[in-house]
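Worksheet: the structure to be examined is printed underneath.
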Amino acid sequence: MELSLQSKAEHSRMMSTASVLAFIVLFHDIQYDVLCQGVLPPWGITGNDTTVVVSLYVTQFRSVLFDADMTFDILQTWKDPRFENASRHPDDYTIYKAEEFETFWLPDTYIANEMPNGVFETTPTDNIYAYPNGSLFLTTRHSIVFHCDVKLFALPIKDETCNLFFKSASYSSIDLKLMWKKAAAVRYSKNMETYAVKIQRTETTLCSQEESQSCLRLVLYVQRTYQVMFIQVYLPSTCIVFITWLGFWIHHTEVSGRTRISTISLTAIIAESVATLVINPDQVHMAAIEAWNSACFIIITLAFLEFVIVHNYHRRQENKKMSLKDDQGKQKNSETPTNSTNNNSKVTQINKRRNLSKSKVSPEVIHVVEIPNDTTADKGKSGIAPETIDRISSLVYALLFISFNVYYWSFFLTEADKK
């Protein structure tokens, strides 16, 4: 009897431990299933591929030469059957914050051509909206820096083509398909900040070259206004060329003034060229800006060479005049004794005639003949004056710069764009 009671107690004890173990195992399986339901993608449950519809809401766009800075929200929509709830109203939705994203499956969409260290995500604005029909709506904000293809050869900073590629990080195109929203795939804020640029049109396509992963392509056709480049490049260099032209009206004997104007102008145009190189270290399609700066540098250099030539020409003329004066002085010194003897003979002749005039009644009239000086004959044989060369050079300088502008703008506005 006692053995039977002990066996019953042991049996009940074993049953209780078994039930506890079974409950623990059941709870572990339920927890595992819940975790799997939160981690598994939708196609892991339904067996069909999942389509993620993507759209953008742009709040800021800035472009400085080859780099563009863009702030936007990525809006993604997909269906997950685990969130279906027929008991709720279709218009109702539940908002999940970023702290609760760990229990959700999210598409791993990223921007493929972003610049290194150029992404700054602000997670406090990220939300998930869950609807009773199983639709999920995710918003994430990004601020990125990316590269743009600029047509600088046609005209400096004329047009830009900015491409953005959105891809899935780990899922193939068989399971996950990215699609653009059919209507208003890209929207722009009314208060969107821009910097002397204008987005003419937007093109949303699929990446045809991608086969293994789903990919979306966004093309932004950007037009830059000419005000920035005129103020930063063309206006300063034109003023430098004009100041150099004013140097022609300074007398060629003012060596310090003419030299300072030329050297300061050359230094300024070189500094402007170096600043352009610093801003654009890759030197991609910089033909138009390089042509402009190089032409201005050559024109200013020619003005400085003209001053050197005119000043040297003036010095040679002065040396010739000094040598002529020295020669004429020596000739005068050699002719003075003969002139004195001639004058003495003339004086004796005049005295004799005066004595005769006293004895005779009719006096004689004396005619004095002046000998012309040799220096008057040499006038007008020294050549062109340096002042005349400066005036001709100033005219040539102005015509050269004007003709260069006509050719430059006609070529880079029309012909270079065709090429």
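The table below lists the values:
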{"item": "Linear extension gain, Ile250 paired with Arg316, 0.36 nm per residue minus alpha-carbon span", "result": "21.8 nm"}
{"item": "Among 55-62, 388-395, the order from most to least packed when residues are scored by Cβ within 10 Å on average", "result": "55-62, 388-395"}
{"item": "Segment Asp175-Ile402, extension gain: residue separation times 0.36 nm, minus the distance between their alpha carbons", "result": "75.3 nm"}
{"item": "Rounded FRET efficiency, nearest 0.05, which uses the C-beta distance separating Thr238 from Ala183 and R0 of 56 Å", "result": "0.70"}
{"item": "Ranking by accessible area, most exposed first, for Arg260, Arg217 with a 1.4 Å probe", "result": "Arg260, Arg217"}
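The values are calculated or read from the model by the stated rules, or taken from the named source; none is laboratory data. No experiment lies behind these values; they were computed from the predicted model shown. Note that each Cβ is placed from the backbone with ideal geometry, even for glycine, and that neighbours are counted across all protein chains shown. Surface accessibility is based on the protein's heavy atoms, side chains included, excluding ligands, DNA and RNA. Shrake-Rupley method; radii C 1.70, N 1.55, O 1.52, S 1.80 Å.
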